[in-house]
Amino acid sequence: MPDAPLDLTIRPLTGPEELKLFLELPYVLDHELADDLATGRRRPEWMWVALRGDRVVARIAWWSRDGAAPLLLDFFDVDDTLPLAEREEAGLRLVGTATAAVVPAGAPRPEYGRFVPAGWREDPAVREAVETRIRVMERTGARMLVERLRLEWRAGTEVPAATGRLRFRPVAGREDLLALMTPVMEGTLDAHGQADLASGLTPRQAAEKHYDEELAGYATPREWWRVAELPDGEPVGFVIPARNDYNPIIAYIGVLPAHRGHGFIDDILAEGTRILAAQDGVERIRAATDLGNVPMAKAFARLGYVNFERAFDMVWDD
């Protein structure tokens, strides 16, 4: 006879006062949850648990910038002490029930993103935990889009002085930056950019989407944004230093195709890092690049950025 289904209660949190219940399973972003709730980036009705009696055996949550609509599924955990089949059943039922309640019918499902240790494949227990979560999402129809390196510059790390090969000026406005982002989008090694192009967007449309959905949302000064030029004024690339809700970041960096292969990425990344490092109280600067974008990863390493974690992103095509 087949095993009986697990006796589960699947429900959202009733309010911020139930955060302690949600924290019964651990994840590296747990420390952000209280402030996310207080600022409205998360809502209790987007935070769900699967209970077996009084015990949390799975949890899931979505994030947003302003609480208007869920933009990212960034919490999904199961109790890794359970037998594998029970872990996957609890996770699968939770994902299905919570998604049906949180994501409006017919709306695209927000991407699933997760941070994992840099060497997650090397530790059998960690690998099993990560692969369990991937399998559950795959059973719901998700596919792996990309694995990324999470990078960090730390205070005290030397930033080289400007070489003088390039001069830098502030971005003049949306159109100024889009005119540079568009050619960078052509032949991009970034998986999200490639997916936008594969969906039928032109490079210009993909650049506009990136600008409007991400870059325009940063509240930090636009004066930090820099265009890199040759001494004669010809543009070479750009860098977008910013601060998100949690850290100073290199939000976006690019070299125009005609100027790749000359090491300009090092000058441009150093400029963006100098701008952020000069701000008061900066202890670290975060960045990320796709695992397959080897030239960008090497540039960050040359400037002293440490690969402290990895991340993966999964998407639903329907």
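If you go through segment 65-91 and keep only what is at pLDDT 95 or above, under 26 Å from Gly106 (Cα atoms) and either open to solvent by less than 20 Å² (accessible area, probe 1.4 Å) or acidic (Asp, Glu) (or both), you end up with Leu73, Asp74, Phe75, Phe76, Asp77, Glu88, Glu89, Ala90, Gly91.
For the subset of segment 1-20 comprising residues that are open to solvent by less than 30 Å² (accessible area, probe 1.4 Å) and touching a strand residue (DSSP E or B) at 6+ places or on another chain (Cβ under 9 Å), which member is farthest from Phe75 (Cα to Cα)? Let's see the steps before the verdict.
In the first step, residues of segment 1-20 are kept if they are open to solvent by less than 30 Å² (accessible area, probe 1.4 Å); the result is 6, 8, 13, 15, 19.
If we keep only those that are touching a strand residue (DSSP E or B) at 6+ places or on another chain (Cβ under 9 Å) as well, we get 6, 8, 13, 19.
Values: Leu6: 22, Leu8: 19, Leu13: 14, Leu19: 13 Å.
That would be Leu6.
Against the numbered list (1) open to solvent by 50 Å² or more (accessible area, probe 1.4 Å); (2) assigned to a loop (DSSP other than H, G, I, E, B), Gly304 comes up short only at (1).
Test Thr188 against the stated conditions and say whether it is β-branched (Val, Ile, Thr) and within 21 Å of Asp290 (Cα to Cα). Yes; evaluated as a whole, the condition is true for this residue. Consider segment 255-289 and keep the residues that are under 19 Å from Ala162 (Cβ atoms) and either in contact with a His (Cβ under 6 Å, 6 or more places away or on another chain) or part of a strand (DSSP E or B) (or both). The one that is most open to solvent (accessible area, probe 1.4 Å) is Val255.
Among the residues making up segment 155-187, those that are open to solvent by 40 Å² or more (accessible area, probe 1.4 Å), under 27 Å from the mean Cα position of the chain (by Cα) and in contact (Cβ under 8 Å) with a residue 60 or more places away in the chain are Ala155, Thr157, Glu158, Glu186, Gly187.
Taking every residue in segment 289-304 that is of a type in the set (Asp, Glu) and pairing it with any residue that is modelled with pLDDT of 95 or more, at least 6 positions away or on another chain, the pairs with Cβ-Cβ distances below 6 Å are Asp290/Val146; Asp290/Arg148. Kindly indicate whether Leu94 is within 25 Å of Leu276 (Cβ to Cβ) and either of a type outside the set (Val, Ile, Thr) or open to solvent by 50 Å² or more (accessible area, probe 1.4 Å) (or both). Spelling it out, it is not the case that Leu94 is within 25 Å of Leu276 (Cβ to Cβ) and either of a type outside the set (Val, Ile, Thr) or open to solvent by 50 Å² or more (accessible area, probe 1.4 Å) (or both).
Counting just the residues of segment 1-33 that are among the charged types (D, E, K, R) and assigned to a loop (DSSP other than H, G, I, E, B), which one comes out farthest from Glu88 (Cα to Cα)? Give the steps one after another, and end with the answer.
Within segment 1-33, the first condition is being among the charged types (D, E, K, R), and the residues that meet it are 3, 7, 11, 17-18, 20, 24, 30, 32.
Those left that are additionally assigned to a loop (DSSP other than H, G, I, E, B): 3, 7, 24.
Details: Asp3: 14, Asp7: 14, Glu24: 18 Å.
Checking each candidate, the answer is Glu24.
Condition test on Ala207, is it closer than 18 Å to Leu256 by Cα and open to solvent by less than 50 Å² (accessible area, probe 1.4 Å)? Answer is yes for this residue.
The values are calculated or read from the model by the stated rules, or taken from the named source; none is laboratory data. Computed from a prediction, not measured in an experiment: that's the story for all the values here. Every residue, glycine as well, gets a Cβ built from its backbone with ideal geometry; the counts of neighbours run over all protein chains shown. Heavy atoms of the whole protein, side chains included, go into the accessibility calculation; ligands, DNA and RNA do not. Shrake-Rupley method; radii C 1.70, N 1.55, O 1.52, S 1.80 Å.
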